[in-house]
Amino acid sequence: MPDSPPSSFAYPPPALPEGNTILLSYPAPHVLLVTLNRPAQRNAVTSAQHAALASIWDWYDSEPSLRCAVITGAGGVAFCAGADLKEWDNTNSNTATPGQQNQEAWRAKEQRLRNRNGGFGGLSNRLGKKPVIAAVNGLCLGGGMEMAINCDMVVAGQNSRFGLPEVGIGVVAVAGALARLVRSVGKQRATEIALLGRTGYTATQMERWGLVNLVVDDGEVVKEAVKLASGVAGNSPDAVIASREGLKLGWEGIGVETATEVLERGLYAMMDKGENMKEGVKSFVERRRPVWRDSKL
């Protein structure tokens, strides 16, 4: 798969944290791959990464040449084990250096970063414009699972494990997972996941419960997620954005009639009779593959 960016971006990618803790690559045309790169820490997310990831998703939504994104974790052991609790705990240590924040200040800072434009990792509360696919390869716990719950599709390795262990360490999954989990798997199943704090839910079980789209061999997770992303990217970017908006309106609990009206008067009206709609119809009539223009939505 190609791993180089398009020849040019309309907007430059945002600055990334030091230490290559987040990697950006472009494995297929119009597809962005975001890799959490702290395998020794099970890809736990730091406060610096929260801010960087939020900026990445903002850039992805604004960059016309990108149409679908995939997020995964490096190392094959974990997609993301949640927040970096060692960073959290170190700020409350009696041996903290004068330059370190106390725990209360650090928690307040992390909460602001998580709430800024999308929640944990910029994803768990993200509304956004374009789809993101989670390629879950290993542990998907806490904030990692909160991100996956709000992704548009989830591909998981057969040995992946899911869970929200927050209650067992005295905290709460407040980055958006709880309300969304009820809508994804139902009240009783969501209650089991959230209140027992287990971390051994399998990919097959999460597929059966409706949280995972596809279970594949562990070594094929990113490949299969990119394949799905390429399928999305091969469709009209205008239609993908508008269709996702319609799904999101229903997901967020707006009544069906209201959601349909909002979509029809909003994004659909903006794309109606536009270049990509005309190209889609014309290519169908002419029995050829469509040539899409980058979306202006």
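Gyration tensor analysis over the Cα atoms of segment 15-82 returns equivalent ellipsoid semi-axes of 21, 14, 9 Å (largest first, whole Å). Every Cα-Cα pair in segment 120-175 was counted, and those over 20 Å apart are 24% of them. Evaluated on segment 169-259, the Kirkwood hydrodynamic radius is 15.8 Å, with distances taken between all distinct Cα atoms. For segment 145-221, the calculated P(r), taken from all Cα-Cα distances in 5 Å bins from zero up to the bin holding the longest distance, is 3, 16, 28, 27, 15, 8, 2, 0 percent.
In a fully extended conformation the segment linking GLU275 and LYS187 would gain 27.3 nm over its present Cα-Cα distance, using 0.36 nm per residue. FRET efficiency for the pair PHE9 and SER243, taken as 1/(1 + (r/R0)^6) with r the Cβ-Cβ distance and R0 = 25 Å, rounds to 0.50. Rounded to the nearest 0.05, the FRET efficiency derived from the C-beta distance between ASN20 and VAL285 at R0 = 45 Å is 0.40.
In terms of distances greater than 27 angstrom between alpha carbons, the cross-link table entries LYS227/LYS273; LYS248/LYS282; LYS187/LYS223; LYS187/LYS227; LYS227/LYS296 yield LYS227/LYS273; LYS248/LYS282; LYS187/LYS223; LYS187/LYS227.
We did not get these values from a lab; they are worked out from the coordinates using the rules stated. Every value quoted in this text rests on a predicted model; they were computed, and no experiment measured them. We place every Cβ from the backbone using ideal geometry, glycine too, and count neighbours over all the protein chains shown.
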